[in-house]
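Asks: Provided herewith is a single structure, encoded as structure tokens, for subsequent inquiry.
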Amino acid sequence: MGRKVSLRKFQEGVMTKQLHGVAGGGAASSSWLGVQIGSCFWLITLSDISETLPVPELTPVPLAQPWFRGVTSFRGNLHGIVDLALFIGDAPAQFGADCRLLLVHPKFSVNCGMVVSRLLGLRNPAQMQRAEAGKENPPWVAVEYLDETGRRWQALDMRALTGHPQFLNAGLP
């Protein structure tokens, strides 16, 4: 009889392999995931997300903000799905082959998934230069970095985002 593996452990292993494949090797020791959200580049601590998945079919919610794209069920739990590009004021995400859903880690006490335009692999901010903020950033931007090509990366403060009143009030006024 074969060895039993929990579904969660199996998916964590698949996610790790997927991220290492996207990273291309050298950045594999980093604990930050690089993602593109609209036209912006973000760094998200891996411990702040529980899974990355293709975007599933969503059930729309009436009288919700446009960035609240709907709800879906994962393993028997209902999750609200946020289009982060639209939330930060960019164009809405195009649900194509590169688009992914990041499930927010349960430690934040919100059943939420966030749509990102594409995964860019693991990144190490220690190999980047800290950048001076060029504009007034929202509270969920922890710090900004510049990589070796001059690309600006914003580090996402998941606790600040998931606790912010604007994020928590998905209903229309």
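The values are calculated or read from the model by the stated rules, or taken from the named source; none is laboratory data. Because the structure is predicted, anything quoted here is derived from the model rather than measured. For neighbour counting, all protein chains shown are included, and Cβ atoms are generated from backbone atoms with ideal geometry for every residue, glycine included.
Asks: State the number of residues belonging to the range 46-67 that are buried (at least 16 other Cβ atoms within 10 Å of the Cβ) and touching a Ser or Thr at 6+ places or on another chain (Cβ under 8 Å).
Replies: The total comes to 2.
Asks: Continuing with the same structure: With 34, 80, 70 as the choices, which residue is on the phi > 0 side of the Ramachandran plot, outside any loop (DSSP other than H, G, I, E, B), at pLDDT 85 or above and surrounded by 14 or more Cβ atoms within 10 Å (Cβ to Cβ)? Before the answer, list the steps.
Replies: On the way: 34 fails: on the phi > 0 side of the Ramachandran plot; 80 fails: on the phi > 0 side of the Ramachandran plot.
Sole residue among the options that is on the phi > 0 side of the Ramachandran plot, outside any loop (DSSP other than H, G, I, E, B), at pLDDT 85 or above and surrounded by 14 or more Cβ atoms within 10 Å (Cβ to Cβ): 70.
Asks: Now, a different point. Out of all the residues in the range 155-169, is one or more within 21 Å of residue 78 (Cβ to Cβ), surrounded by fewer than 16 Cβ atoms within 10 Å (Cβ to Cβ) and of a type in the set (A, V, I, L, M, F, W, C)?
Replies: Checking the range 155-169: at least one residue is within 21 Å of residue 78 (Cβ to Cβ), surrounded by fewer than 16 Cβ atoms within 10 Å (Cβ to Cβ) and of a type in the set (A, V, I, L, M, F, W, C).
Asks: Based on this model, can you work out whether residue 161 counts as touching a Ser or Thr at 6+ places or on another chain (Cβ under 9 Å) and at pLDDT 95 or above? If you could, list the steps in order and put the result at the bottom.
Replies: Numbers: touching a Ser or Thr at 6+ places or on another chain (Cβ under 9 Å): no; at pLDDT 95 or above: yes.
Taking the combined requirement at face value, the residue does not satisfy it.
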